[in-house]
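The values are calculated or read from the model by the stated rules, or taken from the named source; none is laboratory data. Keep in mind it's a predicted model, so treat the numbers as computed, not measured. Positions of Cβ are generated from backbone atoms using ideal geometry, with glycine treated the same way; all protein chains shown enter the neighbour counts.
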Amino acid sequence: MSDETPKIEERENGPLIAKHIHSLTGEDGAALEVKPVMALCRCGQSANKPFCDGTHTKVGFESRGGKPEGPDKFFTYEGKEVTVSFNPRLCGHAAECGRIASNIFDANKKPWVQPDNGTVAEVEAVVAACPSGALQMGTPPETMVAEGRAEIMIQKDGPYWVTEVPVETDSSAEGISERKNILCRCGKSGNKPYCDGTHRSAGWKSGD
Ligand code: FES
């Protein structure tokens, strides 16, 4: 019997190979046709995004190198009723947390997470919405194992938001989750295959 477990494999200096994904959503929110095996561009330069067209070879894309941003460790923020953990190395700076509850998650404050400034329900909602898995409930974090619908959502001029798809990579970070990851699409992250937010600072445009 063939193995139809959803997964994403890294190709060295090449694309991400997505296998048995249930849905793929384009930048405009429209569903794209899903094939059992798809090569997704992550050099940022394919003329056929989101799919790889071989341009990575021409442009000399390197899937390693660069300088990972932020320490690879979970910091914990304890409130009276709830504790939140955060690993900066996994954060793709999608900023969902500040958008949803800036009363609790505010990068301009110290500490930047203050669980007691909101309700437990608000904290839980933000952690559930965090697309990278960098924010987790409790301490120490446990590896969250994939168990639901395998989906990839492509962000406008940004990365792949991946849910419920384990990523096969030799790159690792503490407490990495199989349930949520943000994967680099622009080719510029210092922490590939994960996004570190460089697409934004580099002003990368997908051209899709
Ligand atoms: S990874 Fe192949 S064209 Fe971008």
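Apart from one condition, residue 70 fits all of (1) within 30 Å of residue 119 (Cβ to Cβ); (2) within 8 Å of the ligand (Cβ to nearest atom); the exception is (2).
Take the residues in the range 171-191 that are of a type in the set (D, E, K, R) and touching a residue at least 40 places away in the same chain (Cβ under 8 Å), then tell me which one is farthest from the ligand (Cβ to nearest atom). Step by step, filter the range 171-191, then rank; the result is 174.
Would you point out the residue of the range 96-122, among those that are in a helix (DSSP H, G or I) and in contact with a Cys (Cβ under 9 Å, 6 or more places away or on another chain), that is surrounded by the fewest Cβ atoms within 10 Å (Cβ to Cβ)? Applying the filter and picking the extreme gives 96.
Residues in the range 70-92 that are surrounded by fewer than 16 Cβ atoms within 10 Å (Cβ to Cβ) and either among the acidic types (Asp, Glu) or part of a helix (DSSP H, G or I) (or both): 72, 78, 81.
Taking the range 49-65 as the search range and keeping residues that are surrounded by 16 or more Cβ atoms within 10 Å (Cβ to Cβ) and part of a loop (DSSP other than H, G, I, E, B), which one is nearest to the ligand (Cβ to nearest atom)? Looking at the filtered set, the residue picked out is 52.
Given (1) at pLDDT 95 or above; (2) in contact with a helix residue (DSSP H, G or I) (Cβ under 6 Å, 6 or more places away or on another chain), identify the lone condition not met by residue 173. For residue 173, the exception is condition (1).
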